[in-house]
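The values are calculated or read from the model by the stated rules, or taken from the named source; none is laboratory data. Quantities reported herein were computed from a predicted structural model and do not represent experimental measurements. Because the Cβ atoms are built from the backbone with ideal geometry, glycine has one as well, and the counts that use them run over all protein chains shown.
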Amino acid sequence: MLILFLLTCVYALLLFFFTLGMILLKSPNTVTDFQNISVIVAARNEEKNLPELLQRLATQNYPTQNFEIIIANDRSTDRTSEVVLSFTKECSNIKLVEIISEQADLIGKKNALNMAINIAKYEILAFTDADCLPSENWLTEINRHFRGDVDYIMGHSPLILNSPVWWQLLKNLERNAFFAIAAGAFFWHWPITSTARNMAYRKSIFLKSGGFSDIGHIRSGDDDLLLQKMSKNIRRMSFMFSKNSVVPAKDREAFSDQLNLETRRASKFRYHPCSVKLFSAFVFLYYIFFTIGIIYGLLNEISLLFFLTIALKVFAELILLSFFMGKIKNFRNLPAFPLLEFFYVPFYVFIALKGTLGKFSWK
């Protein structure tokens, strides 16, 4: 139990490290000028989701002459192209890029994004997905955060779920932990992870870093692997906590699809830089030791050290989540914390193993 307690101390220090990073992240001041922004969306068979997304992008509270919208139709077999073209008649700053085939060293979404980035007119590139719903002030917030030496930003993206309330709270609380770690790590210039649903970076940084070269053959990773690749050229990363920067995303309806998505995310372990691998491996091994230690303690002797170990883990996680929810001014998911404590450790271990050893599909 002493070894588990010491491992828990290290785990708690890591979470406090991320919490401190969130606290130290600077919030930008209000600005009055409008920078030019290229919004890029890769879409594959998204005829159902695109109308609402395009409507929200076309009606941004941002001067039309200062942004463009590029939709890369990635070999869709539905009416994706027709949907986009119908909007171009009413909104002149929407462009459609047709992807006919993919390259051997640049596959899937990365190929579509790369073609869109190549024709983008502006330095600031903003990204979201076809199943996302950015607020009307999303571009305003991106503009506000791209100041000084900021080269990369990410924002919160909660999930829209057609499921029982308890599952919605649990799933989004888990996502809160994901964003809390990402945001805290940004201050320390540690590119642990990112999300393509709500991010932006400078085109010059993308080009200087060689774009998707070296990672183009990997089916996933257009967000986190790219961030890790570009990090050596990024001067500063920032996170958008404001309500106006939030981009809700429609989650997969079927549990099997959700499981496939989580497996795909976990499958990239071998491609991450050493520091991220060490962090992920430590958490994985700690969770295994924690599970064994709790079972052993319950079956043998419940000591004071047993309670201290659990209390320290719970306290560190609660502090991390509370600070993040305080920054985004939304504590709605907090009631699911006890459920998350119970379910997350075995879920993380299962997904880590499945992502490393199992298979996933890509639409």
Looking at V10, V39, V83, which is the one that is hydrophobic (A, V, I, L, M, F, W, C) and under 30 Å from V150 (Cβ atoms)?
V39
With respect to V345, determine if the residue is part of a helix (DSSP H, G or I), among the β-branched types (V, I, T), modelled with pLDDT under 85 and surrounded by 13 or more Cβ atoms within 10 Å (Cβ to Cβ).
yes
With S213, S163, S204 as the choices, which residue is hydroxyl-bearing (S, T, Y), under 21 Å from V31 (Cβ atoms) and surrounded by fewer than 20 Cβ atoms within 10 Å (Cβ to Cβ)?
S204
Pick from the range 220-241 the residues that are among the small types (G, A, S) and either at pLDDT 95 or above or on the phi > 0 side of the Ramachandran plot (or both): which of them is surrounded by the fewest Cβ atoms within 10 Å (Cβ to Cβ)?
S231
Flag for L278 being at pLDDT below 75, within 30 Å of D151 (Cβ to Cβ), out of contact with any Gly (no Cβ under 9 Å at 6 or more places or on another chain) and not β-branched (V, I, T):
no
Counting only strands (runs of 3 or more DSSP E) wholly inside the range 31-123, the ones holding at least 3 residues that are closer than 27 Å to G216 by Cβ and over 23 Å from the mean Cα position of the chain (by Cα) are 94-99
Taking E90 as the residue in question, decide whether it is at negative phi and either surrounded by 14 or more Cβ atoms within 10 Å (Cβ to Cβ) or of a type in the set (S, T, N, Q) (or both).
no
Leading residue by the ranking (surrounded by the fewest Cβ atoms within 10 Å (Cβ to Cβ)) among those in the range 173-201 that are among the aliphatic types (A, V, I, L, M) and farther than 18 Å from A116 by Cβ:
A177
Show the residue pairs meeting these rules: Cβ distance below 8 Å; 6+ apart or different chains; first residue within the range 185-207 and free of Cβ contacts under 8 Å to residues at least 60 places away in the same chain; second residue part of a loop (DSSP other than H, G, I, E, B) and of a type in the set (V, I, T).
H189/I234; I205/I234
Take the residues in the range 134-163 that are in a loop (DSSP other than H, G, I, E, B) and touching a helix residue (DSSP H, G or I) at 6+ places or on another chain (Cβ under 6 Å), then tell me which one is nearest to R75 (Cα to Cα).
P134
Just need a number here: residues in the range 124-133 that are in contact with a strand residue (DSSP E or B) (Cβ under 7 Å, 6 or more places away or on another chain) and either surrounded by fewer than 20 Cβ atoms within 10 Å (Cβ to Cβ) or part of a loop (DSSP other than H, G, I, E, B) (or both).
4
